[in-house]
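*Asks:* I am attaching a structure below and will ask some questions about it afterwards.
Coordinate-derived values only; no laboratory data. Remember, it's a predicted structure, so these values are computed and weren't measured experimentally. Don't worry about glycine lacking a Cβ; one is built from the backbone with ideal geometry, like all the others, and counts go over all protein chains shown.
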Amino acid sequence: MNQPYNIEEPLGLSKNACKRLARIEYIKSHRKEVRQRKKIEKQSAPKILDSNPDRVCKRDRIQAEKAQLKLSQESRPCVAIDCAYDYLMSEKEINKTRMQILRCYHLLKSPSTKLFHLHLSNFKKDSILSKSFEEKTPGFQSMHITKFSEPIFDRFSSNRIIYLTPDSPNLLESVSEDFVYVIGGFVDDNIKRSTSLNRCVHHKLKTASLPLSKYYKKLNHKQEVLTINQVFEILLLVFNGWSWEEVFTKILPSRKGYVPSLESSANNNDDNNDSTNDDSATDDSAVL
């Protein structure tokens with residue numbers, strides 16, 4: 001339907017151009033009226049009830065996540081990411097490290113999760129990693145992460161520290177509130193073997209590796225290196241009651257060549273055989 005535009009033809013403009021100008025002026029003059037009409041229509045429209053009564057609105061969800069992250073700073077165990085490896089990484093690798101640390105932080109948002117207290121040790125203000133956070137992560141300073149510039153062994157007793165490194169001969173058996181678990185804060189795209197292990201030997205710190213080889217192996221025979229957030233999530237899930245095998249099945253990408261090891265398969269077969277034998281014994285006793 002044509003609008004009753006008041007068309008005046010200024011000098012130098014065609015009739016079509018005048019129509020466009022008149023239409024723009026008409027829209028501007030009636031914009032407030034249109035908004036008011038839409039507001040009234042929205043208010044008078046029937047309310048549609050949510051089919052899921054347990055659904056949480058976005059505002060409440062965000063508030064719950066903030067409360068959960070704040071609570072994490074009062075939780076145990078402590079998990080620290082050692083940020084002392086800037087000198088080994090390129091700018092691209094440092095940015096990857098920053099992103100992986102943020103993923104660790106966001107893993108603490110779930111309200112059904114038993115929490116870790118996340119620390120950043122050796123986190124110096126003049127470091128490249130710190131500057132990367134300041135430039136690329138808005139609100140970083142207000143995040144519920146404990147940051148300190150000293151090494152982890154200056155903040156906690158050495159007998160409480162377990163430094164996780166894939167080169168350690170000691171397998172981690174469980175995750176306990178009594179210990180401080182340290183993850184090396186670097187992305188080693190070039191596989192710098194024994195970097196963190198040598199650091200721990202120098203400072204006489206206890207080390208452990210995840211029992212990955214007990215449950216999985218790699219077909220391509222490359223070194224089994226996990227990202228910072230993968231290690232963090234594995235620890236978090238084990239602390240929340242998952243078995244190592246369940247955790248590795250969830251976290252490890254099959255596209256990277258991870259397959260169940262023979263030892264794990266043998267254990268599963270033994271469990272199945274035991275279960276079968278138990279069933280048979282039950283049947284026999286019923287016959288007797």
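*Asks:* Could you check the spin-label model distance between Asn16 and Asp167? Points 7 Å from the Cα along Cα→Cβ, value in nm.
*Replies:* Each label point lies 7 Å from its Cα, and together they span 7.4 nm.
*Asks:* Let me ask something else about it. Using the Karplus equation 6.51 cos²θ - 1.76 cosθ + 1.60 (θ = phi - 60°), what ³J(HN,Hα) coupling, rounded to whole Hz, does each residue of segment 111-119 give in order, writing x for Gly and Pro?
*Replies:* Using θ = phi - 60°, the values come out as x, 9, 9, 6, 9, 10, 9, 8, 10 Hz.
*Asks:* Moving on to the next point. Quick one: which residues, 5+ away or cross-chain, put their amide H under 5 Å from the amide H of Leu171? H built at 1.01 Å from N.
*Replies:* So Leu171 has HN proximity to Ser209.
*Asks:* Can you give the FRET efficiency to the nearest 0.05 for Lys109 and Glu135, using r as the Cβ-Cβ distance and R₀ = 22 Å? Could the numbers behind the result be given before it?
*Replies:* On the way: r = 24 Å, r/R0 = 1.09.
Calculated value: 0.40.
*Asks:* Enter the mean projected area of the convex hull around the alpha-carbon atoms of segment 128-178, in nm², rounded to one decimal.
*Replies:* Working: hull surface 22.4 nm².
Projected over every direction and averaged, the Cα hull of segment 128-178 covers 5.6 nm².
*Asks:* Please list 3J(HN,Hα) in residue order for segment 40-45, calculated via the Karplus relation 6.51 cos²θ - 1.76 cosθ + 1.60 where θ = phi - 60°; whole Hz, with x for glycine and proline.
*Replies:* With the stated coefficients, segment 40-45 comes to 5, 5, 5, 5, 8, 5 Hz.
*Asks:* May I pose another question? At 0.36 nm per residue, minus the direct Cα-Cα distance, what do Arg23 and Asn159 gain on full extension? Give it in nm, one decimal, please.
*Replies:* Values: separation 136, 0.36 × 136 = 48.96 nm, distance 7.80 nm.
Answer, rounded to one decimal: 41.2 nm.
*Asks:* Determine which lysines satisfy two conditions relative to Lys66: a Cα distance under 28 Å, and not lying fewer than 8 residues away in the same chain.
*Replies:* Partners within reach: Lys58, Lys96, Lys109, Lys114, Lys124, Lys125, Lys131, Lys136, Lys147, Lys250.
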